[in-house]
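Q: Take a look at the following structure, please.
Rule-based calculations on the coordinates, nothing more; no lab input. Being a predicted model, the structure only gives us computed values, none of them experimental. Reconstructed Cβ throughout: ideal geometry from the backbone, glycine too, with neighbour counts over all protein chains shown.
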Ligand SMILES: Cc1cc2nc3c(=O)[nH]c(=O)nc-3n(C[C@H](O)[C@H](O)[C@H](O)COP(=O)(O)OP(=O)(O)OC[C@H]3O[C@@H](n4cnc5c(N)ncnc54)[C@H](O)[C@@H]3O)c2cc1C
């Protein structure tokens, strides 16, 4: 069942077995997993089915924020049923085994659980994301196994057979909207924001949730278990803002709440030139036997990362800067002009559109028009085919496009682990949103070691390519480190990890291995902020695996004990 807060009466007291706050990917997966096993779930969502700017402004950052790295909040978080999946690209990759282990770059054992806990739940996570089977290596897919990214390049310290998978892209609000509406065990209330978690006087359990609507309604919710699934930043904000009993916020017993804020280190500072004939390079998407789009990437051997001070990272091939008409491609120029036009804002999430049209060189429209005229046939064919595959086709959409390089040279996008730094943090400001909740400030810290890792990783790819006569890496400028910091400006914060970190002991983090807040066992956090390290991987698939795992745990905890049958003494 779905209802809007406007249908409630002021002072309503909502009740359910489990109360989930936030209908993004993780909240929806947790809700439906539990509901499918017979549990009554109340799902509280601040947004509505459609985007509403007034609701969106509840997530705005403090206006004095001077965090140069962080993306604007309106392009990095979405308050709407389905959450930020309304904006996401849909790239699905799990964290790696090495992410869970102590290693030279992260010597402490930060994760209280091992990779096996993720692996067990990956199949179901892929199911929720609709990204196919949990197979992430081309050698394990017969139709892809026989080909290499570039002929004869074996896996070694550097690997080129690992795959990323792509979701539909799955917009969780529309994909699961009907299931939420029709499920007899789900009560979804939209337009209702949780403004505070109020604990019982002893602080060891939740008494109730305070709920408010923009229409002025106040309500409360109670349940046997509570799951905060409001996204990495908003989950942290809600815990920090819940000060009625815990003066510094719930889960802040050891000062870790809001600390260790990580995103990913991203950069475009180099290009790869392959030696083989250009037509032999696999530079674009491929499809697995179920039609799921997959893509090869440069990655690093797990044992290498265990032995050396190199953060986990990957790199993938990208198109040249669309805005720099010297690429000479009518297709790229056509896409650039389309994305720059008013139509562009309807075609892509704003953050992704901005990334595509960002250019380091001044651009003249007439140079792009010249490219298009010179390439008219291929550009027109591309426009028709891609429009169909990306926007019109039902179901699975093309995640993007890549144009073959005649010189077999492609820019590389580095996507690497952001190391945990205590001083990288989020905290509450004195500014308040329309519902009276204190806004969040971010102060993201990127360390020299995060930046230095980029050159180290790319040098290693270069060595591997040269050793096998397969190609080489060329840096775009001498000051690679400055290039990394410049690229990161204003784009970090799409992937929000670390600020409610998981730990075995309360002294070391916010939630326990079952995602319950230490000391408040009925309160759980299902958000990517529970990850103590950030991996090379985009976080949502791993987040979904942990949501599924949490649902299993809650199902066990809530299931009535089996009646004990007395066995007559023999
Ligand atoms: C441009 C962009 C591209 C991305 N691409 C990828 C990608 O390719 N791959 C990937 O893995 N990840 C990607 N991400 C990240 C991905 O979108 C998030 O990891 C994912 O959406 C997190 O899911 P969630 O359910 O934890 O939170 P969210 O999706 O943020 O959902 C949280 C929900 O909680 C609601 N809410 C918030 N506060 C409250 C409150 N107080 N009370 C009630 N409800 C509340 C919100 O309205 C929202 O519906 C991308 C993100 C962006 C911005």
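Q: Using the number of other C-beta atoms within 10 angstrom as an exposure proxy, rank 405, 333, 477 with the fewest first. Kindly include the intermediate steps, with their values, before the conclusion.
A: Values: 405 21, 333 27, 477 11.
Ordered from fewest to most neighbouring Cβ atoms within 10 Å, 405, 333, 477 come out as 477, 405, 333.
Q: How high is the relative contact order of the stretch 393-493? Use alpha-carbon pairs under 8 Å, at least six apart in sequence, and give a whole percent. Before the final figure, lay out each step's value.
A: On the way: 62 pairs, mean separation 17.5, N = 101.
Relative contact order of the stretch 393-493: 17 percent.
Q: Would you mind ranking 262, 1, 444, 502 by Cβ crowding within 10 Å, fewest neighbours first?
A: Details: 262 32, 1 12, 444 20, 502 24.
The fewest-first ordering by Cβ neighbours comes to 1, 444, 502, 262.
Q: Would you please classify the overall shape of the stretch 441-570 from the alpha carbon gyration tensor, given that a ≥ b ≥ c denote the square roots of the eigenvalues, rounded means a/c under 1.5, and beyond that prolate means a/b larger than b/c while oblate covers the rest?
A: Since a/c reaches 1.5 and a/b is larger than b/c, the shape of the stretch 441-570 is classed as prolate.
Q: Where does each of 451-463, 301-313 land if you order them by average Cβ count within 10 Å, highest first? Please report the intermediate quantities before stating the final value.
A: Working: 451-463: 20.1, 301-313: 17.6.
Going from most to least packed, we get 451-463, 301-313.
Q: Please report how far the C-alpha centroid of the stretch 465-484 lies from that of the stretch 486-525, rounded to the nearest whole angstrom.
A: First find each Cα centre; the distance between them is then 35 Å.
Q: Taking Cα pairs under 8 Å and at least six residues apart, what relative contact order does the stretch 54-147 come out at, in percent?
A: On the way: 58 pairs, mean separation 13.5, N = 94.
Once normalised by length, the contact order is 14 percent.
Q: Considering only C-alpha atoms, what is the centroid distance from the stretch 411-452 to the stretch 133-207, in Å?
A: Taking the Cα centre of the stretch 133-207 as reference, the centre of the stretch 411-452 is 23 Å away.
Q: Do the sum for the chain: with -39,500 (n - 2.57) for every DSSP H run of n ≥ 4, divided by all residues, what is the mean residue ellipticity at 222 nm, to the nearest 500 deg cm²/dmol? If you can, show how the numbers build up before the last one.
A: Values: 17 runs with 158 residues, N = 570.
Taken over the chain, the calculation gives -8000 deg cm²/dmol.
Q: For the residues 117, 178, what sequence is obtained by ranking on other C-beta atoms within 10 Å, fewest first? Could the numbers behind the result be given before it?
A: Numbers: 117 15, 178 10.
Least to most surrounded, the residues fall as 178, 117.
Q: Which angle between 0 and 90 degrees, to the nearest 10, do you get for helix 330-340 versus the longest principal axis of the chain when only C-alpha atoms count?
A: Between helix and principal axis, roughly 40 degrees.
Q: Label-point separation (nm) for residue 477 and residue 423, each offset 7 Å from Cα along Cα-to-Cβ?
A: 2.4 nm
Q: Give the relative contact order (percent, whole number) for the chain; include only Cα pairs under 8 Å separated by 6+ residues.
A: The normalised contact order for the chain reaches 25 percent.
Q: While we're here: Be a star and scan the stretch 222-246 for residues whose amide nitrogen sits under 15 Å from the point 7 Å along the Cα-to-Cβ vector of residue 3.
A: 222
Q: With angles folded into 0 to 90 degrees, how steeply does helix 540-558 sit against the dominant principal axis of the chain? Use alpha carbons for both and round to 10.
A: The angle comes out at about 20 degrees.
Q: Rounded to the nearest 5, what % of the DSSP beta bridges within the chain are antiparallel ones?
A: Working: 49 of 74 bridges.
Among the beta bridges of the chain, antiparallel pairing accounts for roughly 65 percent.
Q: Just to verify a number: FRET efficiency for residue 374 and residue 555, C-beta to C-beta distance, R0 = 51 Å, to 0.05? Each step should come with its number before you reach the end.
A: Numbers: r = 61 Å, r/R0 = 1.20.
The computed FRET efficiency comes out at 0.25.
Q: If you take the Cα Rg of the chain and divide it by 2.2 N^0.38 Å, with N the number of residues, what do you get? Could you put the intermediate results ahead of the total?
A: Working: Rg = 24.2 Å, N = 570, 2.2 N^0.38 = 24.5 Å.
Output field value: 0.99.
Q: Same structure again: Note the angle between two axes, namely the Cα long axis of helix 448-467 and the longest principal axis of the Cα atoms of the chain, as a number of degrees from 0 to 90, rounded to the nearest 10.
A: Between the helix axis and the principal axis of the chain, the angle is about 40 degrees.
Q: Give me the orientation-averaged projected area of the Cα convex hull of the stretch 82-201, in nm², one decimal. Please list the in-between numbers first.
A: On the way: hull surface 51.9 nm².
Averaging across all directions leaves 13.0 nm² for the Cα convex hull.
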